[in-house]
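Only the coordinates and a few stated rules stand behind these numbers; no lab work does. Keep in mind it's a predicted model, so treat the numbers as computed, not measured. Every residue, glycine among them, receives a Cβ derived from its backbone with ideal geometry; neighbour counts consider all protein chains shown.
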Amino acid sequence: MPGSMRLPAVFTAAGMGTLIVVFGVFFALPFAGLIEHALRDSDTWDQVFSETAVNAVVLSLVTSTIALALAILLGTPTAYWLARSKFRGHGILEALLDLPILLPPTVAGVALLTAFGRRGILGEPLNDGFGLTLGFTTTAVVLAQLFVAGPFYVRSARAGFASVDEDLESISYTLGASRLRTLFRVVIPLAWPSLVGGAMLCWARAMGELGATLLFAGNVEGETQTAPLAILTALESSAGLTGAVAISMLLIVAGAAVLGAFWLTASRFGHRL
Amino acid sequence: MRSVAASLGLAATVVVVAACGSSPDTVDVYGASSLTELLRELGEAFERTDDGADVRFNFASSSALATQIRQGAPADVFASANAALTDALAAEGYVEATQAIASTRMVIVARGDDDSIHSLSQLGNPDVILVLAGEGVPAGEYARDVLTDASTANGLGEDFRERVLANVRSFEPNVRAALLKVELGEADAAIVYETDVDPGNSRLRAVSIPDEYNVVATFTVALLVNADESARAFYDFLASEAAAEIVRGFGFVSLRDAD
């Protein structure tokens, strides 16, 4: 190489490979630790299918899925508009939709309370006028999850839509297709991987949500005690670390199974589009 | 081979730099959340003394802290709201010495802007929104004890405890979180420590619990094994009259002479 500069030794295949291995081990060890604890303490297996664990994981699965459905329903048109809009203000809306990602979840919970709580901007009139309270309900769980996880879907969808060549849409219109038809037959299929990836990330984030749900929705088994909350509660109670590990096991297995099934179905569907 | 070594060296450096945290002269105090203000003040007073060293805090429910200590968290001193938790740690060999430093009683905290709740019996009424600290959290246990004591035929009815628990819309991970819910107006009332309610806070209103049903909550401090000189000095400072005065200043009963 002319005027060659010696790259630091790290930048070789073996060097990079080592860094990758270190990174991989870093992520694998905590899971190995959980499994090691479960193997060491046989009580763990009894608690994996306890009523508390099952209630919590089922509630998490249901609420996260509803939150995802809402994110897709409301977020897809928003993402498309953001990707195509030349309107000046769209930068602000985009920043607004990215903000929940920056907010610490507990602060998100406080924010949700100030908006929808009994003394909140929308919550107070709802409460005084109709006796409706959103806080401490399963609905609140879904709303909290939508708030913190929705942006992940919108960002990914927006990027996916933006990467679709607008000329292709124009061609579709000149061939006589309506906007809606173009959206469903041209744009979405082309953006499909981003939509699927964004949906999976959104769902996973919703499953893991703790701070905002605890503050806004509370913690009652069967109604608002999602899996992360059940794990936190177990750590506080006599169930202790063993109880926490047990619920975690169930959560990880159920979550991985659903994500895996979703990805497989979505990929296959995508190939047919 | 050089590149592998270089990468491992890079990774190791990152870990070491990240781990550089506590210097040997800091006292790491793990304290129950209800002792936040008291412990901070005690820490500052200690830092001003001759043996004073830096005091750092980790506040959470006593039960969560006990779990952390069992998992090897580097605590020097553990201030617990429940002697049973400290005793359990002692039985497992984590504790060198303990002392009871303060006690307080339970109280009902209600919203400052709403006069409707003014007695314990009302907590059993339908449509009252309550929050409590969770099971296993000391404040939650004390609250349940109060409810149990009141649940007699001559008291507030044998089903009183059941009726109250049915009104609980959230079991919080620590007592301060329960207090927050009332302060935010999300819950109508909670049962917390008397010392948790700041008289100057207009969003909160304390409602007393009849003596015959109330329980005494005792806060104990444990010096953990492997604690160093500075931690020992802090532990000893807590037994001093200066410390006792600070304890009383925050509304607790000092147990300095009680051991």
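With no solvent and one point on each alpha carbon, what is the Debye value of log10 I(q)/I(0) for chain A at q = 0.07, 0.12, 0.13, 0.17 Å⁻¹?
Log10 of I(q)/I(0), two decimals: -0.36, -0.91, -1.01, -1.28.
Take the Cβ-Cβ distance between B:R70 and B:E229 as r, set R0 to 35 Å, and report the resulting FRET efficiency rounded to the nearest 0.05.
Details: r = 25 Å, r/R0 = 0.70.
Working from the Cβ atoms, E equals 0.90.
Could you pull out every residue, at least 5 positions away or on a different chain, whose amide H is within less than 5 Å of the one on B:T152? Hs are placed 1.01 Å off N in the peptide plane, and Pro or chain starts have none.
HN-HN under 5 Å from B:T152: B:G157.
Indicate, rounded to the nearest 5 percent, the antiparallel portion of the DSSP beta bridges found entirely in the protein assembly as shown. Walk me through the numbers before you get to the answer.
Working: 24 of 39 bridges.
So the antiparallel bridges in the protein assembly as shown amount to around 60 percent.
If a helix is a whole DSSP H run, which ones in chain B reach 20 Å or further along their own axis (Cα) and hold a mean Kyte-Doolittle hydropathy of at least 0.5? Don't skip to the answer; put the middle values down first.
Details: long enough: B:2-19 (25 Å, 1.79).
Result, helices passing both filters: B:2-19.
What whole number of Å gives the distance from the Cα centroid of region A:175-206 to the Cα centroid of region B:207-231?
For region B:207-231 versus region A:175-206, the Cα centre distance is 58 Å.
Quick one: which residues, 5+ away or cross-chain, put their amide H under 5 Å from the amide H of B:A97? H built at 1.01 Å from N.
Result for B:A97 returns B:L223.
So what's the back-of-envelope 222 nm ellipticity for chain A, counting only DSSP H runs of four-plus at -39500 (n - 2.57) apiece and dividing by all residues, rounded to 500? Let's see the in-between values first.
Details: 13 runs with 209 residues, N = 273.
Computed ellipticity for chain A at 222 nm equals -25500 deg cm²/dmol.
Taking the alpha-carbon set of region B:1-129, what are its Rg and Dmax in Å?
Rg then Dmax for region B:1-129, in Å: 21.9, 75.
Only counting other Cβ atoms within 10 Å, I'd like A:M16, A:M249 sorted with the fewest neighbours first.
On the way: A:M16 13, A:M249 20.
Ordered by Cβ neighbours within 10 Å, fewest first: A:M16, A:M249.
Give or take rounding to whole Å, what are the principal axis extents of the alpha carbon atoms in region A:228-273, in descending order?
Each principal axis gives a Cα extent; for region A:228-273 these are 52, 14, 7 Å.
Taking θ as phi - 60°, what are the ³J(HN,Hα) couplings along region A:122-132 by the Karplus curve (6.51, -1.76, 1.60), each to the nearest whole Hz, with x for Gly and Pro?
Result, ordered by residue: 8, x, 5, x, 4, 6, 5, x, 10, x, 8 Hz.
Shielding of B:234-247 by partners, i.e. mean partner chain Cβ atoms within 10 Å per residue? Walk me through the numbers before you get to the answer.
Values: counts 0, 0, 0, 0, 0, 0, 0, 0, 0, 0, 0, 0, 0, 0.
Mean inter-chain Cβ contacts per residue within 10 Å come to 0.
Of B:R232, A:R88, how do they rank once you tally other Cβ atoms within 10 Å and put the fewest first?
A:R88, B:R232
In whole Å, what are the Cα extents of region B:139-236 along the three principal axes, biggest one first?
Largest first, region B:139-236 extends 53, 31, 23 Å along its Cα principal axes.
Across the residues of B:179-189, average count of Cβ atoms on other protein chains within 10 Å?
Working: counts 0, 3, 6, 0, 0, 9, 9, 12, 4, 1, 0.
The per-residue average across the peptide is 4.
At 222 nm, what helix-only mean residue ellipticity would chain B give, in deg cm²/dmol to the nearest 500, using -39500 (n - 2.57) for each DSSP H run of four or more? Before the final figure, lay out each step's value.
Numbers: 9 runs with 95 residues, N = 259.
One gets -11000 deg cm²/dmol as the mean residue ellipticity at 222 nm.
Just the Cα atoms of chain B, one point each, no solvent: what log10 I(q)/I(0) does Debye give at q = 0.07, 0.09, 0.17 Å⁻¹?
At q = 0.07, 0.09, 0.17 Å⁻¹ the computed log10 ratios are -0.30, -0.47, -1.23.
Check A:G117: other-chain or 5+ apart residues with amide H under 5 Å from its amide H, H built from backbone geometry?
A:G123
In which sequence would A:H37, A:H271, B:H118 go, from the one with the fewest C-beta neighbours within 10 Å to the one with the most?
Details: A:H37 17, A:H271 8, B:H118 12.
In order of increasing Cβ crowding within 10 Å: A:H271, B:H118, A:H37.
Using θ = phi - 60° and the Karplus form 6.51 cos²θ - 1.76 cosθ + 1.60, what ³J(HN,Hα) does each residue of region A:221-235 get, whole Hz, x for Gly and Pro?
Along region A:221-235, the couplings run 4, x, 10, 9, 8, 6, 4, x, 5, 5, 5, 4, 4, 4, 4 Hz.
Just checking the output field for A:14-20: average partner chain Cβ neighbours within 10 Å of each residue's Cβ? It would help to have the intermediate numbers written out before the result.
Values: counts 7, 8, 2, 3, 9, 7, 1.
Partner Cβ neighbours, averaged per residue: 5.
Would you mind putting B:187-200, A:99-112, B:130-143 in packing order, based on average other-beta-carbon counts within 10 Å, highest first?
Details: B:187-200: 21.9, A:99-112: 17.2, B:130-143: 25.9.
Descending packing order for the listed peptides: B:130-143, B:187-200, A:99-112.
Find the percent of Cα-Cα distances in the protein assembly as shown that exceed 41 Å, and round it to a whole number.
Details: 50083 of 141246 pairs.
Cα-Cα pairs of the protein assembly as shown separated by over 41 Å account for 35 percent.
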